[in-house]
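I have placed the structure first, in the form of structure tokens, so that the comments after it can refer back to it.
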Amino acid sequence: MGPAADINIEDIIDEEDVIVTCTHEGYIKRMPMDAYRQQQRGGKGVTATDMKDEDFVDHLFIANTHSYLLMFTNKGKVHWVKVYDLPVLGRYAKGKPVVNIVESLDSSRSVRAMIATSDFSGFLFFATKNGIVKKTPLDEFSRPRKGGIIALGLDDDDELVDVRITSGKDEVLLASADGMAVRFNEQDVRSMGRGARGVKGIKVDKDSHVIGLAIPQTGQTILSVTETGTGKRSRIEDYRLTARGGKGVINIRSERVAAVKTVDDTDELMVISQKGILIRVPMSSIPVLGRATQGVRIMRLESGDKVVAAEKIHEGDS
């Protein structure tokens with residue numbers, strides 16, 4: 001064998017942060033961090049991807065090219081891919097079908113959560129549509145399987161909504177689409193194996209569902225972004241610490257919520273709409289308001305459009 005046999009592909013791939021987007025119908029791509037200039041809040045934004053009318057972007061995040069991307073489906077299965085294996089495409093391209101990149105991914109399942117990591121320490125904390133939560137050691141997902149594996153057990157009428165990395169001793173904030181949120185200690189949820197169902201995290205009404213979870217850290221605020229393009233930040237202390245399983249308190253008033261994040265003043269925010277319009281604004285432009293308030297305009301939307309995803313960008317990521 002010649003010298004080429006000793007070459008590791010990662011040695012010739014630049015290690016850098018990139019923007020990853022994936023649409024509801026499973027078209028994925030990565031783009032350079034400088035693809036979008038910063039704007040002022042309330043702006044109209046720019047096109048992030050070109051999609052069919054019935055498709056929309058529902059995953060937007062920052063990842064390192066050398067990280068593993070763990071893809072969790074709505075039915076609780078996880079698949080692996082390296083970020084550098086994702087197609088590099090321009091801002092207007094819709095992406096490539098994720099089922100063509102991850103051959104083991106069942107085309108009848110949708111990807112509901114993605115975790116990019118190169119360090120498999122800590123835990124994965126899961127949240128489902130019906131308010132069930134589960135905590136599993138991240139190390140149980142450190143050995144990629146070609147066909148994927150079951151990440152959690154689900155009731156027939158339930159689906160996975162969100163997954164986050166935790167330390168095992170964090171606090172958790174679980175938020176619903178009707179503007180409610182509950183904050184509790186992660187230690188209230190014991191560690192369970194991959195196939196376990198989990199326990200009740202938040203009680204949701206029949207016309208609502210869980211839209212995400214956040215892991216608050218000291219000095220951060222809770223960002224809430226609504227489907228109509230408004231948003232605000234609130235102090236973590238405004239959400240009283242309670243036991244898991246309750247209905248929680250009002251998170252944002254009179255709006256359907258699209259995303260909830262923990263953020264720092266030095267972060268930036270990317271918001272993307274159902275029609276593929278994206279805006280990038282400084283987090284400091286979004287005021288810290290009371291928990292049960294409406295918020296301010298972050299993004300102007302065209303008729304029939306709505307916000308479907310929001311992602312923070314840390315200082316130094318771009």
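Throughout, read-outs are computed from the coordinates displayed, never taken from laboratory work. Just so we're clear, the structure is a prediction, and the values are computed from it rather than from any experiment. Don't worry about glycine lacking a Cβ; one is built from the backbone with ideal geometry, like all the others, and counts go over all protein chains shown.
Are any of the residues in segment 97-107 in contact with an Asp or Glu (Cβ under 9 Å, 6 or more places away or on another chain), more than 30 Å from residue 182 (Cα to Cα), in contact (Cβ under 8 Å) with a residue 12 or more places away in the chain and part of a strand (DSSP E or B)?
Yes, there is a match, as at least one residue in segment 97-107 is in contact with an Asp or Glu (Cβ under 9 Å, 6 or more places away or on another chain), more than 30 Å from residue 182 (Cα to Cα), in contact (Cβ under 8 Å) with a residue 12 or more places away in the chain and part of a strand (DSSP E or B).
Within segment 67-95, track down each residue that is in a loop (DSSP other than H, G, I, E, B) and either closer than 25 Å to residue 262 by Cβ or of a type in the set (Ser, Thr, Tyr) (or both).
If the condition is that a residue be in a loop (DSSP other than H, G, I, E, B) and either closer than 25 Å to residue 262 by Cβ or of a type in the set (Ser, Thr, Tyr) (or both), then 67, 74, 76, 92 are the ones that fit.
Touching a helix residue (DSSP H, G or I) at 6+ places or on another chain (Cβ under 7 Å), in a strand (DSSP E or B), among the β-branched types (Val, Ile, Thr) and crowded, with 17+ Cβ neighbours inside 10 Å, is that true of residue 115?
no
Yes or no: residue 242 surrounded by fewer than 18 Cβ atoms within 10 Å (Cβ to Cβ), among the polar types (S, T, N, Q) and touching a strand residue (DSSP E or B) at 6+ places or on another chain (Cβ under 8 Å)?
Against the criterion (surrounded by fewer than 18 Cβ atoms within 10 Å (Cβ to Cβ), among the polar types (S, T, N, Q) and touching a strand residue (DSSP E or B) at 6+ places or on another chain (Cβ under 8 Å)), residue 242 qualifies.
Report whether or not residue 266 is free of Cβ contacts under 8 Å to residues at least 60 places away in the same chain and surrounded by fewer than 19 Cβ atoms within 10 Å (Cβ to Cβ).
yes
Scan segment 178-187 and give yes if some residue there is part of a loop (DSSP other than H, G, I, E, B) and either within 23 Å of residue 123 (Cα to Cα) or not hydroxyl-bearing (Ser, Thr, Tyr) (or both), otherwise no.
Within segment 178-187 (the criterion being part of a loop (DSSP other than H, G, I, E, B) and either within 23 Å of residue 123 (Cα to Cα) or not hydroxyl-bearing (Ser, Thr, Tyr) (or both)), the answer is yes, since at least one residue qualifies.
Does residue 204 count as outside any loop (DSSP other than H, G, I, E, B) and closer than 28 Å to residue 128 by Cβ?
no
Of the residues 89, 105, which is buried (at least 20 other Cβ atoms within 10 Å of the Cβ) and at negative phi?
Only one candidate qualifies: 105.
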